[in-house]
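See below for the structure under consideration.
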Amino acid sequence: MSIEINKQKCVGCGKCRDVCPGTLIALDENKRAYIKYPRDCWGCTSCLKECPVQAIRFYLGADMGGTGSRMHTLKRGELLDWIIEFPDGGITTVTVDTKESNKY
């Protein structure tokens with residue numbers, strides 16, 4: 001599993017680097033994020049949820065039913081949209097209420 005970081009969208013805030021549990025994300029000399037070791041990515045998606053400009057995409061492999069799809073998130077207050085982009089151009093959005101999602 002791995003992520004893709006669009007350096008042109010990246011604003012260099014470093015939030016993705018700060019939350020990566022594997023310390024796999026770094027900032028280059030222009031303060032743009034990049035993943036140092038893509039093959040070591042755990043697929044936790046912490047970086048996606050923290051990126052304020054949707055510069056990070058997560059690859060959804062065949063093991064997850066993604067067959068080449070990519071996913072990113074969009075925060076809207078207490079709501080988090082998981083936006084899945086399919087290779088054929090289709091898009092599906094799953095909205096989660098973050099305030100309610102972890103109640104037990």
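Bear in mind that the values in this text are calculations on the coordinates, not laboratory data. Quick caveat, the model's predicted, so the values are computed rather than measured. Reconstructed Cβ throughout: ideal geometry from the backbone, glycine too, with neighbour counts over all protein chains shown.
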*For the range 52-57, take each phi angle, set θ = phi - 60°, evaluate the Karplus expression 6.51 cos²θ - 1.76 cosθ + 1.60, and give the result in whole Hz per residue in order, putting x for glycine and proline.*
x, 10, 6, 8, 10, 10
*Between SER2 and TYR37, how many nm apart are label points set 7 Å from Cα along the C-beta direction?*
1.4
*Taking the C-alpha atoms of the chain, how large are the radius of gyration and the largest Cα-Cα span, Dmax, in Å?*
13.8, 44
*Would you calculate, for the chain, the mean residue ellipticity at 222 nm contributed by helices, counting each DSSP H stretch of 4 or more residues as -39,500 (n - 2.57) and dividing by all residues, to the nearest 500?*
-2500 deg cm²/dmol
_By average C-beta atoms within 10 angstrom, highest first, the peptides 93-99, 28-34_ = 28-34, 93-99
*Which listed residue (THR93, ALA62, ILE3) has the Cα farthest towards the positive end of the charge dipole for the chain, taking +1 on Lys and Arg C-beta and -1 on Asp and Glu C-beta about the Cα centre?*
ILE3
_Cα-based Lys proximity count in the range 3-101, under 14 Å, for pairs eight or more positions apart or on separate chains_ = 7
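Among 44-55, 75-86, how do they line up by average Cβ neighbours within 10 Å per residue, starting with the highest? Walk me through the numbers on the way to the answer.
Working: 44-55: 17.9, 75-86: 13.8.
Going from most to least packed, we get 44-55, 75-86.
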